[in-house]
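Peer 1: Please read through the structure below; I'll follow up with questions.
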Amino acid sequence: MTDARTVDEAYSSACNTDDLTVKAERRSDVDTLIASGMTPGLLGAALLRLHSEWDGTAKPRKLTETDARLLYGSLKTLPKVIDAVGQWASRKGYRDPYELAGGAVAYWLDCVCHACSGRGRELMPNASRPTLGNICRACGGNGRRRPPAGEAGKDALRLMDESVERARWSIKKRLRNSE
């Protein structure tokens, strides 16, 4: 059984391809790149590209702040995304818009609770093998960190999610029409 690739999978593959040849008889990675270039707005496509870069980096199991800063330095699209979200936050009148943008983008890339590694439960200390114990106090058992900057952070995350959905829909629509 072969399932069709999702837009995210197709985009990630297209961003990392070596073959940029347009083929009239079948769809190739170039078609995905062309479709992404036609998406309305820049933020959604930039976020898809950033997520593809993030997925392609080697990350340690426990991501420390130093590790995160090194990883963020290797993401070419990150400054463009932070700038776009920062401009949006500035237009909305939020305090410290670029700090808000940086925190929201970092959360969007890695929202997993660092205390429990996304399990929602703490590991039992001194157990002979890994055993889940009490509900994680840091995340309340849902496995995700708290969004940064309260309501402003939630608004920024909503903007990013909506932009990505619009970009996915646009790419999918254009690829469907090219068959």
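Peer 1: Scanning the range 3-32 for residues that are more than 18 Å from the chain's Cα centre (by Cα) and among the aliphatic types (A, V, I, L, M), which turns out surrounded by the most Cβ atoms within 10 Å (Cβ to Cβ)?
Peer 2: Applying the filter and picking the extreme gives Val30.
Peer 1: Determine which single condition Gly140 fails, assuming it passes every other condition in (1) modelled with pLDDT of 80 or more; (2) not in a loop (DSSP other than H, G, I, E, B).
Peer 2: Only one criterion is unmet by Gly140, namely (2).
Peer 1: Does the range 84-113 hold any residues that are in contact with a Leu (Cβ under 8 Å, 6 or more places away or on another chain), outside any helix (DSSP H, G or I) and closer than 20 Å to Trp54 by Cα, and which are they? Walk me through it before giving the result.
Peer 2: Just the residues of the range 84-113 that are in contact with a Leu (Cβ under 8 Å, 6 or more places away or on another chain), to begin with: 84-86, 88-89, 94, 104-105, 107-110.
Filter again for outside any helix (DSSP H, G or I), leaving 94, 110.
Across the range 84-113, the qualifying residue is only Asp110.
Peer 1: Exactly one of these conditions fails for His51: (1) closer than 30 Å to Glu162 by Cβ; (2) assigned to a loop (DSSP other than H, G, I, E, B). Give me its number.
Peer 2: (2)
Peer 1: Considering only the range 126-160, state which residues are in contact (Cβ under 8 Å) with a residue 24 or more places away in the chain and more than 27 Å from Thr66 (Cβ to Cβ).
Peer 2: The answer is Asp155, Leu159.
Peer 1: Of the residues that make up the range 117-125, is at least one more than 27 Å from Val7 (Cβ to Cβ) and in contact (Cβ under 8 Å) with a residue 40 or more places away in the chain? Step through it out loud before you land on a result.
Peer 2: Going residue by residue through the range 117-125, those that are more than 27 Å from Val7 (Cβ to Cβ) are 117, 119-125.
Filter once more, so that each one left must be in contact (Cβ under 8 Å) with a residue 40 or more places away in the chain: 117.
So far as the range 117-125 goes, yes, one or more of its residues are more than 27 Å from Val7 (Cβ to Cβ) and in contact (Cβ under 8 Å) with a residue 40 or more places away in the chain.
Peer 1: Next question, about the same structure. Given (1) in contact with a Lys or Arg (Cβ under 8 Å, 6 or more places away or on another chain); (2) assigned to a loop (DSSP other than H, G, I, E, B); (3) loosely packed, with under 15 Cβ neighbours inside 10 Å, where does Pro147 come up short, assuming only one miss?
Peer 2: Only one criterion is unmet by Pro147, namely (3).
Peer 1: Regarding the range 19-40, can at least one residue be identified that is within 21 Å of Leu109 (Cα to Cα), free of Cβ contacts under 8 Å to residues at least 60 places away in the same chain and among the β-branched types (Val, Ile, Thr)?
Peer 2: no
Peer 1: Would you please name the residue that is surrounded by the fewest Cβ atoms within 10 Å (Cβ to Cβ), looking only at residues in the range 103-138 that are among the charged types (D, E, K, R) and more than 23 Å from Lys76 (Cβ to Cβ)?
Peer 2: Only one residue tops the list, namely Arg129.
Peer 1: Okay, moving on. Give just the number: which of (1) over 19 Å from Leu50 (Cβ atoms); (2) at pLDDT 90 or above; (3) touching a Gly at 6+ places or on another chain (Cβ under 9 Å) does Ala152 not satisfy?
Peer 2: Checking Ala152 against (1) over 19 Å from Leu50 (Cβ atoms); (2) at pLDDT 90 or above; (3) touching a Gly at 6+ places or on another chain (Cβ under 9 Å), the one that fails is (3).
Peer 1: From Trp88, Trp54, which residue is more than 26 Å from Gly140 (Cα to Cα), at pLDDT below 95 and aromatic (Phe, Trp, Tyr)?
Peer 2: Details: Trp88 fails: at pLDDT below 95.
Sole residue among the options that is more than 26 Å from Gly140 (Cα to Cα), at pLDDT below 95 and aromatic (Phe, Trp, Tyr): Trp54.
Peer 1: Follow-up question, since we're still on this one. Being surrounded by 13 or more Cβ atoms within 10 Å (Cβ to Cβ), more than 20 Å from Ala45 (Cβ to Cβ) and at pLDDT 90 or above narrows it down to one of Leu63, Leu100, Leu71, so name that one.
Peer 2: From the options Leu63, Leu100, Leu71, the qualifying one is Leu100.
The values are calculated or read from the model by the stated rules, or taken from the named source; none is laboratory data. Keep in mind that this is a model prediction, so the values were computed, not measured. All Cβ positions, glycine included, derive from the backbone under ideal geometry; neighbour counts span all protein chains shown.
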